[in-house]
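As structure tokens, the structure follows; a few thoughts come after it.
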Amino acid sequence: MFRFPEGFVWGTATAAYQIEGAARDDGRTPSIWDTFAATPGAVRNGDTGEIACDHYHRLDPDLDLIARLGVGAYRFSISWPRIVPEPGQVNQKGLDFYRRLVDGLHERGVTPYATLYHWDLPQYLEDEGGWVERATAERFAEYADIVHEALADGVAHYTTLNEPWVSAWLGYGYGWHAPGRAEPAAALAATHHLLLGHGLAAEAIRRRDPSAQVGITLNLAPVGPATADPADQAAADRMDGQLNRLFLDPVLRGAYPADVVELYRPVSDFAFVQDGDLATIAAPLDFLGVNYYRPNLAAAEPPGADPVAAGLRLPPGVPVTAMDWPIQPDGLTELLLRLRREYGPVPLYITENGAAFHDYLDPAGRVEDPERIAYLDAHLRAAHTAIGEGVDLRGYFVWSFLDNFEWAEGYSKRFGLIYVEYGSQRRVPKASAGWYRDVIRANGPA
Ligand code: IFM
């Protein structure tokens with residue numbers, strides 16, 4: 001058994017829209033995901049987050065299940081439209097739900113890690129232009145302030161945004177996610193306003209409590225060329241620029257990467273960047289959250305095509321998950337080492353890592369998921385290698401606690417340690433849940 005440093009945080013993670021359901025309860029109003037999921041053809045099988053795992057109504061039993069995993073930490077997100085359901089309104093019932101969640105975690109000896117934005121923008125803000133508009137960043141900071149005021153005594157760790165690349169590029173650049181817009185210029189403006197929102201929210205939280213631990217979570221991936229052809233290497237550099245450096249550089253170096261700005265110059269003049277914005281965005285982080293699932297392989301895309309949408313390739317002969325994502329744990333070590341080498345010694349957490357496989361309840365009522373165990377085991381070993389090489393990695397959160405609404409894939413993809421039978425809402429811990437508990441136990445008190 002491989003041992004992690006003392007104090008290493010073992011956790012699991014979820015997001016509000018993916019598990020809560022109760023879409024219209026206690027004053028919540030629609031988010032962009034309610035609208036998108038209701039759009040015919042947008043989500044596989046027409047699935048929506050209306051009920052999801054009904055976690056909103058099953059909080060206590062779900063908290064018991066989290067505790068039984070033996071984790072020391074639980075990463076969840078807060079639903080913005082539950083807290084600010086109309087412009088300028090604060091919904092106490094929404095805050096009460098998260099208060100019960102936070103208190104319930106503490107009662108069970110589990111530390112809460114709160115994410116403020118995991119993609120569920122209030123629809124009324126999208127109606128005003130969403131993240132393409134600067135005002136949304138300001139509204140986000142106000143919302144962060146409200147959450148912090150309500151939960152500060154129970155929550156020390158805040159992630160401002162989860163995977164802003166996905167919000168900006170899948171949401172506004174390619175239209176595969178809510179709000180379903182396919183305009184590269186909008187994706188660039190959204191990128192900047194999301195990052196500005198991160199900076200302003202971090203400022204708001206620290207103004208109240210300078211000791212709060214504030215970070216941002218990015219989805220990052222090493223990008224390699226599909227072949228030795230220099231044109232593929234150039235494509236890999238472009239993909240790396242849009243996916244990784246467009247987010248890492250402003251946050252950790254205070255500047256947008258010049259090659260990415262040049263690449264997108266034909267579609268945007270970047271006039272949305274105002275004096276002082278980059279200083280706000282680059283205020284020192286208490287931690288960087290890393291979500292790692294797979295590395296990317298890039299091939300030369302046709303001239304003028306988008307570097308990510310057109311250039312992504314699958315490596316031949318590599319096993320894949322149910323998402324068709326290649327399983328390459330070495331990519332995690334490579335990524336963590338690169339972060340330290342190129343961006344310095346920022347404390348890191350793996351805020352998400354996990355895999356979807358074709359899980360099913362067997363006739364004995366069990367869910368055997370050896371592929372997930374192998375995936376998690378290999379990625380933990382990869383993380384352990386990086387720690388051995390000096391990376392300041394402080395924790396690891398399995399995605400996900402429960403099977404849940406996998407965005408445009410609906411309920412067809414299962415990432416959970418706990419199987420959810422959606423009709424009955426029965427929860428069945430998979431074999432991987434027991435395996436994870438044993439790993440945590442073997443590493444001493446969480
Ligand atoms: O389910 C998502 C999560 O919401 C964000 N990170 C990736 C996961 C798997 O696709």
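Here are some notes:
- Averaging 1/r over each pair of different alpha-carbon atoms in region 273-430 and inverting the result gives 18.0 Å, the Kirkwood hydrodynamic radius.
- One quarter of the surface of the convex hull around the alpha-carbon atoms of the chain equals 20.1 nm², the direction-averaged projected area.
- Region 254-362 - Debye-derived log10 I(q)/I(0), Cα point model, q = 0.14, 0.16, 0.17, 0.21 Å⁻¹: -0.88, -1.07, -1.15, -1.26
- Expressed in Å, the radius of gyration and Dmax of the Cα atoms of region 171-271 are 15.8, 53.
- Cβ crowding within 10 Å averaged over residues, with 54-63, 141-150 ranked highest first: 141-150, 54-63
- Using only the C-alpha atoms, the convex hull of region 107-265 corresponds to 142 Å³ per residue.
- Virtual spin-label span in nm between Ser412 and Ala231, 7 Å along Cα→Cβ: 3.3 nm
- Net charge contributed by nearby residues that have their C-beta within less than 14 Å of Gln274 (K/R +1, D/E -1): -4
- Neighbourhood charge, 9 Å Cβ-Cβ cut-off, centred on Ala22 and excluding it, Lys, Arg +1 and Asp, Glu -1: -2
- Full-extension gain in nm, Ser424 to Glu183, via 0.36 nm per residue minus C-alpha separation: 82.7 nm
- With eigenvalues of the C-alpha gyration tensor scaled by 5 and rooted, region 220-303, Å: 26, 18, 8
- Region 207-238 residues near the modelled Ala152 label - backbone nitrogen below 20 Å, point 7 Å along Cα→Cβ: 207-216
- When DSSP beta bridges are restricted to pairs lying wholly in the chain, around 20% turn out antiparallel.
- Per-selection Kirkwood Rh - region 104-165 (Cα, Å, 1 d.p.): 13.1 Å
- Here the label points at Asp96 and Ala38, each 7 Å from Cα along the C-beta direction, are separated by 2.5 nm in the simple model.
- Taking only the Cα atoms of region 1-73, the ratio Rg/Rh comes out at 1.13, with Rh defined as the Kirkwood radius.
We did not get these values from a lab; they are worked out from the coordinates using the rules stated. Worth saying up front: this structure is predicted, and the values here are computed from it rather than measured. Every residue, glycine as well, gets a Cβ built from its backbone with ideal geometry; the counts of neighbours run over all protein chains shown.
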